[in-house]
Each structure stands twice: as structure tokens, then as C-alpha cells.
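Here's the structure we're looking at; comments come further down.
The values are calculated or read from the model by the stated rules, or taken from the named source; none is laboratory data. Source: prediction; values computed, not measured. Every residue, glycine among them, receives a Cβ derived from its backbone with ideal geometry; neighbour counts consider all protein chains shown.
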């Protein structure tokens with residue numbers, strides 16, 4: 001890996017397929033800097049993008065980080081969060097860009113690799129079971145507590161909002177288990193499940209959505225940024241025990 | 001190539017080395033929307049990034065485009081320029097992101113490939129000749145004319161500013177000719193040449209910088225965004241005739 005020129009040089013991965021995701025996080029739009037730190041903003045920018053790879057069963061390889069706006073000391077704090085997230089998720093930051101801007105915008109683009117073909121949104125079939133990697137709503141609950149000024153009472157919920165973790169191992173396990181479709185809960189469970197159903201041309205009725213302790217059912221259904229993975233698989237597949245199956249299946253055409 | 005999910009799926013290139021560049025263009029900072037169109041802004045965002053690859057002797061493969069801000073109709077105009085540039089430069093736009101923002105920021109990240117090892121800034125050696133792909137200063141002159149309201153008198157200079165073209169074929173030819181170091185003129189000739197000299201640990205004296213018709217010597221030396229390539233090569237190399245050699249070499253330690 002060569003870093004320091006206008007473009008980074010990296011070794012081409014051995015796997016047949018690469019994935020490429022890009023996400024921007026805008027201060028004041030995606031993160032209220034009165035409630036979360038610049039370091040958390042940097043962390044989140046990386047997490048959001050890496051989570052797109054987790055939702056395909058892919059692993060991140062390299063990232064480039066483009067920061068527009070911010071004073072030098074603010075950018076430094078932001079990079080602290082970027083570096084912490086990159087180390088935690090196993091992605092190498094190999095370059096990026098730094099520009100002036102009246103608004104602080106952090107763009108992260110990640111390349112990833114996949115031992116098999118990545119899981120898309122569009123492969124769910126009638127009869128599939130629908131699974132989720134864990135309870136939902138923690139991030140929305142954490143944000144509400146921060147807004148109420150009572151974040152100190154529930155540090156786990158606040159952490160779920162401020163320092164989300166993409167579920168790379170879970171996404172890979174789901175892909176290996178034969179996931180037919182997968183998505184990460186970024187917009188909110190109902191919205192994201194609808195993306196999968198629309199892309200796959202199927203429908204379903206769901207109940208028994210697991211709700212995180214301290215979250216409401218509304219947090220779980222509509223709150224975004226949980227980054228839990230929702231995925232579908234043929235009903236005869238023996239799914240690893242750490243996943244939660246939703247109450248009603250199958251998807252119906 | 002699969003497009004439409006949160007991440008794009010692309011075939012891994014056959015070449016051993018990949019390059020990765022990311023650049024953001026900010027409305028009001030890098031482009032004055034009173035002088036250039038949104039379509040030109042989109043074109044420039046792609047061109048700036050692809051030029052980083054040209055300066056390594058690499059070829060672009062895939063791009064992701066993240067747009068923050070802008071109304072829907074503005075974003076549509078912007079994408080027209082993105083698409084036109086992508087088609088012209090031979091890069092496939094495979095995904096991206098669209099977010100709200102008070103400031104319009106366009107980030108383009110491009111992956112590229114290289115048949116050999118990419119040319120870095122840091123390889124210039126004492127005795128090398130310094131070459132440039134063409135005359136400099138057209139972009140700065142075009143911007144000045146636009147500001148004066150007299151752009152119609154010099155459409156070629158205005159085009160050099162509004163619709164710059166990364167010199168992909170020239171960069172590849174320089175790499176094949178044995179370029180020891182290379183950079184694109186984005187900040188300005190003197191600044192960019194200094195980047196090469198600093199990275200390579202050498203010095204030089206330059207004269208005979210080719211000035212574009214209609215540009216001043218100041219445009220040529222300090223004006224940015226020409227995207228001509230400045231490169232160094234051993235003095236005994238037979239350089240293709242379309243390159244201009246600078247007056248005084250060699251770089252000196």
C-alpha cells in the first residue's frame with residue numbers, strides 16, 4: 001500500500017468480486033454536534049459505510065476519507081474517530097481529501113472483498129424465513145435520551161447511537177448460511193425491509209420484532225441507524241443460534 | 001457490475017495494482033455557480049479525481065459519486081455533467097450516495113488500474129529531465145475572463161476552466177516512457193512541481209514554461225486546475241514528441 005500521493009496504490013485483492021460503497025455524513029443533518037462529538041461523527045461516517053459491506057456479507061479492505069469543512073482542530077478530532085473506527089472494523093484508511101466548506105461533510109468510500117458473490121437486496125423468495133441479527137431500536141432510544149439530557153442513565157443506548165458497530169462477522173455468517181437477500185437497518189426496520197421486499201418482488205407480514213431493552217416498539221420499527229442486519233434464507237436452512245427469527249414468514253408474492 | 005444496492009459489486013481487475021482517489025468539490029469554494037453551471041460542477045468533480053489517476057499513469061475503472069445538498073432539479077443537472085464526464089473519460093459510475101446538506105458538496109471516488117506499478121511523486125532523481133504535457137494557464141485565464149464577463153471572447157479558455165480533461169493517454173504514455181515521478185497541475189504549476197521535488201528530495205531551476213495562448217505567465221505558474229501533467233524521466237529517454245521539455249534541468253539534490 002502506498003499512501004501520500006493524490007491517489008493511493010493498493011494490491012488488487014485475490015477474490016473475484018469487489019464491493020464499493022460511499023456514504024456522506026453531514027453535520028447538523030445526520031449528527032447533531034450539540035449531542036455527539038466530532039470524534040463520534042468520524043466514527044459514524046466509517047461505520048455507516050462499512051455497514052453497507054456487512055449487509056452484503058463482504059469484508060472491508062481500504063477506505064478513503066474526504067472531509068469538507070471544519071477547523072484544523074475539529075478535523076483532528078474527527079480523524080480520531082475515523083482512525084478508531086477503522087482499526088476496530090479492520091479497514092485501512094489509505095487516502096482522501098481535505099477541502100474548505102461552510103458545512104462539515106465527511107465522505108467515506110470503502111472497498112471490500114467477498115469470498116463468494118455478495119448478498120443483494122433482491123434475492124428473497126416466497127417461503128424464505130426472515131431473520132435479524134439482534135434487537136432493534138437502541139440507537140433511536142439513545143438519541144432520544146441524549147436530546148432529553150438523560151443520556152448518562154443509559155450508556156449502552158447512547159453508545160449504540162454514538163458509536164455504532166457494523167456487524168461484519170454476522171453478515172458473513174448469514175452469507176455463508178445461504179442468505180438470499182440482506183440489508184442493514186440504517187433508515188429504519190420497516191423502511192429497510194421494504195427495500196428488500198421491493199427489490200425481490202415479494203411481500204410479507206411481520207411480527208415479533210425484537211425490541212432492544214430501553215427502546216420502544218416505535219424505536220424498533222422506525223428508528224434508524226441500528227445497523228442490525230435483516231436477512232432472508234430458505235426455510236430449511238439451519239441458521240446459527242445467535243440470530244433472531246421474525247414472527248411471521250414467509251414472504252409472499 | 002451490480003448497481004442499485006447500498007454497495008456496488010464489480011469484478012476484481014486482473015492487474016496487480018489498484019489505485020484509489022477521492023476528491024470533493026464544494027460549491028462556492030471550488031466552483032462559483034454564478035460563473036459555471038451545475039453540469040460543469042459535476043463534470044469537474046469527476047475530472048479532478050480522474051486526473052489524480054492520470055498523474056500515476058493509471059486508468060479509471062469505477063466511480064462512486066456522493067452528492068450532499070442541492071434541490072432535486074439541481075442534482076439532476078449536476079448528474080448530467082457527471083455522466084458526460086464519466087462517459088468521456090471511460091469510467092463507470094456504479095453507485096454513490098445522496099444526502100441533504102446546507103452546502104452543495106460533490107465527492108467522487110474512483111478506482112483505477114495500472115498495467116505496471118503506478119508513477120508516484122517521489123521518484124525524481126538528479127539528472128532527470130522535466131516534461132510537461134502542454135501549455136499552462138488556460139484554466140486560470142478562462143476563469144478570469146468569466147469573472148470579467150468576457151468569456152464569450154475566448155471559448156477555448158472558458159472550456160479549459162469549465163470542462164477540464166484529465167490526460168489519461170498522456171499519463172500512460174509517460175509511465176510507459178519510464179517516468180520517475182509525475183503530478184497533475186491542480187494547485188498550480190509551481191506548487192505542484194514543489195510537491196514532486198519535496199517528495200523526491202531533489203531541487204531544480206526551471207524556465208521556458210509553456211504558456212497557453214491568451215494566458216499570462218502568472219496564470220501558467222500559479223493558476224490551478226490545468227490538469228496538464230508534469231513529469232520527470234532519465235535524460236537518455238526518447239520522449240514522444242507531443243511533450244514539452246522545460247528549459248532547465250536537471251533536478252539537483
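Residues that are without any contact (Cβ under 8 Å) to a residue 60 or more places away in the chain and touching a helix residue (DSSP H, G or I) at 6+ places or on another chain (Cβ under 7 Å) number at least 1 in the following helices (runs of 4 or more DSSP H) confined to region B:141-253: B:155-162, B:189-200. When the residues of region B:59-76 are filtered to those that are more than 7 Å from chain A (Cβ to nearest Cβ) and under 26 Å from residue A:112 (Cβ atoms), the one that is surrounded by the most Cβ atoms within 10 Å (Cβ to Cβ) is B:63.
Name the one entry in A:81, A:112, A:42 that is buried (at least 22 other Cβ atoms within 10 Å of the Cβ), within 8 Å of chain B (Cβ to nearest Cβ) and under 27 Å from residue A:5 (Cα atoms). Quick ask: steps written out before the conclusion?
Numbers: A:81 fails: within 8 Å of chain B (Cβ to nearest Cβ); A:42 fails: within 8 Å of chain B (Cβ to nearest Cβ).
Of A:81, A:112, A:42, the one residue that is buried (at least 22 other Cβ atoms within 10 Å of the Cβ), within 8 Å of chain B (Cβ to nearest Cβ) and under 27 Å from residue A:5 (Cα atoms) is A:112.
Looking at region B:14-24, is at least one residue more than 29 Å from residue A:16 (Cα to Cα) and either touching a strand residue (DSSP E or B) at 6+ places or on another chain (Cβ under 8 Å) or at pLDDT 95 or above (or both)? Within region B:14-24 (the criterion being more than 29 Å from residue A:16 (Cα to Cα) and either touching a strand residue (DSSP E or B) at 6+ places or on another chain (Cβ under 8 Å) or at pLDDT 95 or above (or both)), the answer is yes, since at least one residue qualifies. Remark: residue B:136 matches the filter, which requires a residue to be over 30 Å from residue B:13 (Cα atoms), more than 12 Å from every other protein chain (Cβ to nearest Cβ) and crowded, with 24+ Cβ neighbours inside 10 Å.
If the condition is being over 20 Å from the mean Cα position of the chain (by Cα) and either more than 10 Å from every other protein chain (Cβ to nearest Cβ) or part of a loop (DSSP other than H, G, I, E, B) (or both), then region A:1-32 contributes A:1, A:3, A:4, A:5, A:6, A:7, A:12, A:13, A:14, A:15, A:16.
This table checks each residue for (1) over 12 Å from the mean Cα position of the chain (by Cα); (2) farther than 23 Å from residue A:10 by Cβ.
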site	(1), (2)
A:46	no, no
A:56	no, no
A:62	yes, no
A:69	yes, yes
A:76	yes, yes
A:87	yes, no
A:91	yes, no
A:98	yes, no
A:103	yes, yes
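One line per residue, one yes/no per condition, for (1) assigned to a helix (DSSP H, G or I); (2) under 27 Å from residue A:94 (Cα atoms); (3) modelled with pLDDT of 95 or more:
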position: B:35; (1), (2), (3): no, no, no
position: B:65; (1), (2), (3): no, yes, yes
position: B:73; (1), (2), (3): yes, no, yes
position: B:80; (1), (2), (3): yes, no, yes
position: B:96; (1), (2), (3): no, yes, no
position: B:101; (1), (2), (3): no, yes, yes
position: B:117; (1), (2), (3): no, yes, no
position: B:120; (1), (2), (3): no, yes, yes
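When each of B:208, B:223, B:203, B:214 is tested for being surrounded by 16 or more Cβ atoms within 10 Å (Cβ to Cβ) and touching a strand residue (DSSP E or B) at 6+ places or on another chain (Cβ under 9 Å), the lone residue that passes is B:223. The requirement of being over 16 Å from the mean Cα position of the chain (by Cα) and without any contact (Cβ under 8 Å) to a residue 40 or more places away in the chain is fulfilled nowhere in region A:116-135; no residue meets it. Take residue A:106 and decide whether it is over 30 Å from residue A:213 (Cβ atoms), crowded, with 24+ Cβ neighbours inside 10 Å and more than 9 Å from chain B (Cβ to nearest Cβ). So residue A:106 passes the test.
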